[in-house]
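Below: one structure, written as C-alpha cells.
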Amino acid sequence: MNAVFPMEIVITPNTTYMLFDSSTPRRIYTDGRDWPQNLEPAFAGYSIGHWIAGADGRLDRLEVETRNMKGPRDFETSGLPVHEDNQTVVTEKIYLDKAKPDILHDEVTTIDHALTRPWTVTKSYRRERNPIWYDNNCAENNNHVVIGKENYFLSADGLLMPARKDQPPPDLKYFNQTRR
C-alpha cells in the first residue's frame, strides 16, 4: 500500500479493487469466501476482507487480511528482508477520517518471523478529486534479460553482459554459431 502515484478504489458487492498507477490491481475479496487451498503465491498475496459498520450503521471500515505473498521480498524500502518461510500475514483497517473525509487511513500490521513482534504503521492518503492519470510504464527501457534461470544485462552498446561476478555465459546451442 505504498502509493507513490495516484490510486483508485473501486468497490463492488463482492470485491474491492485497489488500482495503482504503477502496478497490477489489488483485489480484496469481500464475498465471505474462505482461504483457498494450494494457492500459488503471488506478489500482492491473496486478500480477504469484510466491511464493518460504524455507530451510524454505515459500512465505513474495511478490515483486510493478506497472506500467500511470493518471496523473496523486502519488508519495506530499507531493504530489510522478510523471513524466507514466506509466512507473512498483513492485516489492515482502511477507513476515511471522520473529521477530514478527504483523508483515507490504512492501519497496517505486519506479522512475520523476521520481526520480534508485530509491526504496525498507519498510512494516510489524500483524496484528489480531479486526478491526472498518465502512463507510467516502468518496464520501458528495461535492460535486464532472463535466459533460463539466469539474469543478464544488456549493455549500452547492445551486448549481453553478466549481471553478477563469475556468472556463466548463456547456453547458445540453439543459435547458429559463426566460426572465425
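The values are calculated or read from the model by the stated rules, or taken from the named source; none is laboratory data. As the structure is a prediction and not an experimental result, all values here were calculated from the model. Neighbour counts run over all protein chains shown; Cβ positions are idealised from the backbone, glycine included.
Determine whether the stretch 5-28 contains at least one residue that is aromatic (Phe, Trp, Tyr) and under 13 Å from residue 67 (Cβ atoms). Scanning the stretch 5-28, I find no residue that is aromatic (Phe, Trp, Tyr) and under 13 Å from residue 67 (Cβ atoms), so the answer is no. Scanning the stretch 27-46 for residues that are within 27 Å of residue 125 (Cβ to Cβ) and in contact with a Phe, Trp or Tyr (Cβ under 7 Å, 6 or more places away or on another chain) gives 27, 30.
For the stretch 19-49, filtering for residues that are without any contact (Cβ under 8 Å) to a residue 60 or more places away in the chain and either of a type in the set (Gly, Ala, Ser) or out of contact with any Ser or Thr (no Cβ under 9 Å at 6 or more places or on another chain) (or both) leaves 20. When the stretch 35-79 is limited to residues that are outside any strand (DSSP E or B) and among the hydrophobic types (A, V, I, L, M, F, W, C), the one that is nearest to residue 19 (Cα to Cα) turns out to be 44.
A quick yes/no check of all residues on (1) touching a Leu at 6+ places or on another chain (Cβ under 6 Å); (2) not hydrophobic (A, V, I, L, M, F, W, C):
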position	(1), (2)
2	no, yes
43	no, no
68	yes, yes
85	no, yes
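Of all residues in the stretch 120-134, those being touching a residue at least 40 places away in the same chain (Cβ under 8 Å) and closer than 14 Å to residue 90 by Cβ number 1. Identification of strands (runs of 3 or more DSSP E) wholly contained in the stretch 96-180 with 1 or more residues that are more than 24 Å from residue 61 (Cβ to Cβ) yields 144-147, 150-154, 160-162. What's the number of the condition residue 65 fails, among (1) closer than 17 Å to residue 93 by Cβ; (2) touching a Pro at 6+ places or on another chain (Cβ under 9 Å); (3) of a type in the set (Asp, Glu)? Checking residue 65 against (1) closer than 17 Å to residue 93 by Cβ; (2) touching a Pro at 6+ places or on another chain (Cβ under 9 Å); (3) of a type in the set (Asp, Glu), the one that fails is (2).
Inside the stretch 22-46, residues that are under 20 Å from residue 94 (Cα atoms) and among the charged types (D, E, K, R) make up a count of 4. Of all positions in the stretch 77-88, at least one carries a residue that is in the same structural domain as residue 121 (by TED's automatic domain parsing), in contact (Cβ under 8 Å) with a residue 60 or more places away in the chain and more than 21 Å from residue 127 (Cβ to Cβ). When you scan the stretch 52-63, do you find a residue that is of a type in the set (Val, Ile, Thr), surrounded by 11 or more Cβ atoms within 10 Å (Cβ to Cβ), closer than 30 Å to residue 98 by Cβ and in contact with a Leu (Cβ under 8 Å, 6 or more places away or on another chain), even just one? So far as the stretch 52-63 goes, yes, one or more of its residues are of a type in the set (Val, Ile, Thr), surrounded by 11 or more Cβ atoms within 10 Å (Cβ to Cβ), closer than 30 Å to residue 98 by Cβ and in contact with a Leu (Cβ under 8 Å, 6 or more places away or on another chain). Of the residues in the stretch 115-129, at least one is under 22 Å from residue 6 (Cα atoms), of a type in the set (Val, Ile, Thr) and loosely packed, with under 14 Cβ neighbours inside 10 Å. Just to be sure, is residue 32 modelled with pLDDT of 95 or more and either at positive phi or outside the structural domain of residue 11 (by TED's automatic domain parsing) (or both)? Yes, satisfied.
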